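Read through the structure below, which is laid out as C-alpha cells, and then see the notes.
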Amino acid sequence: MGELSALDPDETAFWRPLMRIMTALPRALEDQFLPDTGLAITDYGVLVALSEAPDHLLRISALAATTGLSLSRISRVVDDLTRRGLVEKRRCAEDGRASNAVLTEAGLARLEAAYPGHLARVRASVFDHLSAEDIRTAGPVLARLAAALDAAPPTDDC
C-alpha cells in the first residue's frame with residue numbers, strides 16, 4: 001500500500017460532519033425511541049427488515065446482512081426480541097444448522113405503534129433540514145457509500 005495523504009480541506013469538510021452524524025443521530029433517535037417504545041433503534045431496524053420480508057421471515061445470516069449487523073450482534077438482538085415475544089426463532093427447514101427469525105403478531109403491532117413517533121423524529125432530525133434537491137443529490141452518494149460498506153469482508157466468523 002502506498003503512502004496515504006492527509007485529507008484535503010474539502011474531504012475534511014465532508015468527513016468531520018459525517019463523523020458527527022454517525023455519533024449524534026443514533027443517540028438522538030434512541031433518546032426518544034427507547035423511552036417511547038421500549039425498543040432500541042437496532043430492534044426497530046430488525047423488526048422493519050422482518051416486516052418487509054416474504055412471510056415476515058428471514059434466515060439469521062440474511063437478517064444480519066440486511067441490517068448491517070454482525071452475526072454475533074444479530075444473534076443477541078434476535079434472542080432478546082424472542083424473549084420479549086416480538087420475534088420467533090425457528091430452525092431452517094432447508095438447513096438444520098441455520099435458524100430463521102420470524103416477526104410475531106406482537107412484533108408487528110409494536111412496530112406499527114412505534115412508526116409514527118420514529119417518523120416524526122427522523123423528519124425533525126434529518127429531513128426538515130434538507131431541500132428536495134439536497135435529498136435527490138445526497139441519496140445516490142449515500143447509497144454508494146452503503147454499497148461499499150456492504151461489499152467489505154465480514155468482521156466475524158459466525
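The values are calculated or read from the model by the stated rules, or taken from the named source; none is laboratory data. Values in this document were obtained by computation on a predicted structure and should not be read as measured data. For neighbour counting, all protein chains shown are included, and Cβ atoms are generated from backbone atoms with ideal geometry for every residue, glycine included. What goes into the accessible areas is simple: the full protein's heavy atoms, side chains included, and nothing from ligands, DNA or RNA. Shrake-Rupley method; radii C 1.70, N 1.55, O 1.52, S 1.80 Å.
How large is the dipole of the range 70-141 about the Cα centre if only Lys and Arg carry +1 and Asp and Glu carry -1, each at its Cβ, rounded to the nearest 20 debye? Kindly include the intermediate steps, with their values, before the conclusion.
Numbers: 12 positive and 10 negative charges, 71 e Å.
It works out to roughly 340 debye.
Quick one, could you list the DSSP H helices from the chain stretching 20 Å or more along their long axis (Cα atoms) with average Kyte-Doolittle hydropathy of 0.5 or above?
Details: long enough: 9-37 (41 Å, -0.32); 105-125 (29 Å, -0.09); 132-151 (29 Å, 0.53).
Helices passing the filter in the chain: 132-151.
If you keep only loop residues by DSSP, which trypsin sites (Lys or Arg not before Pro) in the range 30-130 have at most 13 other Cβ atoms within 10 Å of their Cβ? Please list the in-between numbers first.
Working: sites: Arg59, Arg73, Arg76, Arg83, Arg84, Lys89, Arg90, Arg91, Arg97, Arg110, Arg121, Arg123; in loops: Arg84, Arg97.
Passing both the DSSP loop test and the Cβ count: Arg97.
Name the GluC sites (Glu not before Pro) in the range 79-158 that are in a loop by DSSP and that have at most 12 other C-beta atoms within 10 Å, would you? Can you show the working numbers first?
Details: sites: Glu88, Glu94, Glu105, Glu112, Glu133; in loops: Glu94.
Sites meeting the loop and neighbour criteria: Glu94.
When the Karplus curve 6.51 cos²θ - 1.76 cosθ + 1.60 is applied with θ = phi - 60°, which whole-Hz ³J(HN,Hα) does each residue of the range 89-103 get, with x for Gly and Pro?
Computed from phi, the couplings for the range 89-103 are 10, 10, 5, 6, 5, 7, 8, x, 7, 9, 10, 10, 10, 10, 6 Hz.
Give me P(r) over the range 1-150, computed from all C-alpha to C-alpha distances, binned every 5 Å, as integer percentages.
With 5 Å bins starting at 0, P(r) equals 2, 8, 14, 17, 18, 15, 11, 7, 5, 3, 1.
Just subtract the alpha-carbon distance of Asp31 and Glu52 from 0.36 nm times their residue separation and send over the number in nm, one decimal.
Details: separation 21, 0.36 × 21 = 7.56 nm, distance 2.52 nm.
Taking Asp31 through Glu52 to full extension adds about 5.0 nm, to one decimal.
Considering only protein heavy atoms and a probe of 1.4 Å, how much of the accessible area of the chain is carbon and sulfur, as a whole percent? Write down the numbers at each step before the final one.
Numbers: 6140 of 10510 Å².
After summing per-atom areas, the C and S share lands at 58 percent.
Mind jotting down the three principal axis lengths of the range 1-86 based on Cα atoms? Whole angstrom, largest first.
Extents along the principal axes, in whole Å: 50, 34, 21.
Would you mind working out the accessible area per residue for the chain, using a 1.4 Å probe, and quoting it in Å²?
Numbers: 10510 Å² over 158 residues.
About 67 Å² of surface per residue is accessible.
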